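The values are calculated or read from the model by the stated rules, or taken from the named source; none is laboratory data. As the structure is a computational prediction, the values presented were derived from the model and not from experiment. Ideal geometry is used to build each Cβ from the backbone, glycine not excepted, and the neighbour counts take in all protein chains shown.
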Amino acid sequence: MEFRAAARFTRVSPQKARLVLDLIKGRRVEEAMNTLAFTKKGIAPDIQKVLRSAIENANHLSEEKGLALDVDNLYVKRAIANDGPRLKRIRPAPQGRAFRYQRRMAHIEIALAERGAEAKQDLVTKVEEQPATPAKAKARAKKGAKR
């Protein structure tokens, strides 16, 4: 199950928000909160607020639907910053001219999911090599001798 929260019309460029969101993608919720607490970017407190909201949404929905949710197993499944509307502004320039610039906004969305018991184990699985049959071993030896 997925639990999400969003902050719309945040006055920061999406590029700057993505720098911080990339730090928390795929991490456990507790680890993500600690990362945001010590990140020295201006948008970090706003993202932390959205993350807290997503955690509360998860708690509320689990109580409402009667799900057995363990907050310690939650992780950040998706964290994105999309473009919002832009404010077009004009800055005075020399000799009566004007320079146009845009103030950007972002829509920030964070989605949490619960890791199952099987996903807690190592994410990398090793594949054991099967022993070669004697016929294949002879074929390989012949190829090596021809070279």
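Assorted remarks:
- Scanning segment 55-89 for residues that are among the small types (Gly, Ala, Ser) and under 13 Å from the mean Cα position of the chain (by Cα) yields 79, 81.
- A count restricted to segment 20-41 and to residues that are surrounded by fewer than 17 Cβ atoms within 10 Å (Cβ to Cβ), among the aliphatic types (A, V, I, L, M) and within 14 Å of residue 2 (Cα to Cα) stands at 0.
- Of all residues in segment 42-81, those satisfying the criterion of being without any contact (Cβ under 8 Å) to a residue 12 or more places away in the chain, surrounded by fewer than 14 Cβ atoms within 10 Å (Cβ to Cβ) and either in contact with a helix residue (DSSP H, G or I) (Cβ under 8 Å, 6 or more places away or on another chain) or not acidic (Asp, Glu) (or both) are 45, 60, 65, 66, 68.
- Every residue from segment 23-44 that is of a type outside the set (Val, Ile, Thr) and either touching a Lys or Arg at 6+ places or on another chain (Cβ under 9 Å) or closer than 25 Å to residue 116 by Cβ (or both): 23, 25, 26, 27, 28, 30, 31, 32, 33, 34, 41, 42
- For the residues 1, 33, the requirement of being under 17 Å from the mean Cα position of the chain (by Cα) and modelled with pLDDT of 95 or more singles out 33.
Residues are listed down the side, and each one gets a yes or a no for (1) closer than 30 Å to residue 23 by Cβ; (2) of a type in the set (Lys, Arg); (3) modelled with pLDDT of 95 or more:
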position: 61; (1), (2), (3): yes, no, no
position: 64; (1), (2), (3): no, no, no
position: 86; (1), (2), (3): yes, yes, yes
position: 92; (1), (2), (3): no, no, yes
position: 111; (1), (2), (3): yes, no, yes
position: 133; (1), (2), (3): no, no, no
position: 143; (1), (2), (3): no, yes, no
position: 146; (1), (2), (3): no, yes, no
